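The values are calculated or read from the model by the stated rules, or taken from the named source; none is laboratory data. Just so it is clear, the structure is predicted and the values come from calculations on it, not from any experiment. Counting neighbours? That spans all protein chains shown, and the Cβs are built from the backbone with ideal geometry, glycine included.
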Amino acid sequence: MVGCPPLPSTGSAGNAQVSARALGKGYAKRIVIRATEKASGEPLRDGTVSVRAEMTCPDYMPMYTKALKEASPGTYKGSYDLVMQGQWTFHVTVRSKTGDATTSALPVTVSPASK
């Protein structure tokens, strides 16, 4: 996007290792989160995972929080609809069964060519 600085990806802050992808073209995204225990590398099972999108450029626009469902051990998926072109950040929160929280962020750009 013209005039928008590139968005950095962030690491995982907490007890889990989080990797995130936003699949799909245009505004409709399929979010896939893979969460593993940092200490053991085992999939984080039966956790609670939520994402919240926030437009960061050319304007600021916070969106809704959505819970993702566990599709397989440690893998959480769900759809999320963005509403306009721009640079977005998906803020990810992963909570283990014991309540430990891990946060991460996934930058996504919706451009005219990706509509």
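General observations
- Among the residues making up the range 89-101, a single one is without any contact (Cβ under 8 Å) to a residue 60 or more places away in the chain, farther than 12 Å from ALA35 by Cα and either touching a helix residue (DSSP H, G or I) at 6+ places or on another chain (Cβ under 9 Å) or assigned to a strand (DSSP E or B) (or both): HIS91.
- The single condition among (1) buried (at least 17 other Cβ atoms within 10 Å of the Cβ); (2) farther than 17 Å from ARG34 by Cβ that ALA105 does not meet is (2).
- Taken across the range 14-30, residues that are under 21 Å from THR98 (Cα atoms), touching a Phe, Trp or Tyr at 6+ places or on another chain (Cβ under 7 Å) and touching a residue at least 12 places away in the same chain (Cβ under 8 Å) do not occur at all.
- Among the residues examined, PRO5 does not qualify as at pLDDT 95 or above and either more than 25 Å from LYS97 (Cβ to Cβ) or not hydrophobic (A, V, I, L, M, F, W, C) (or both).
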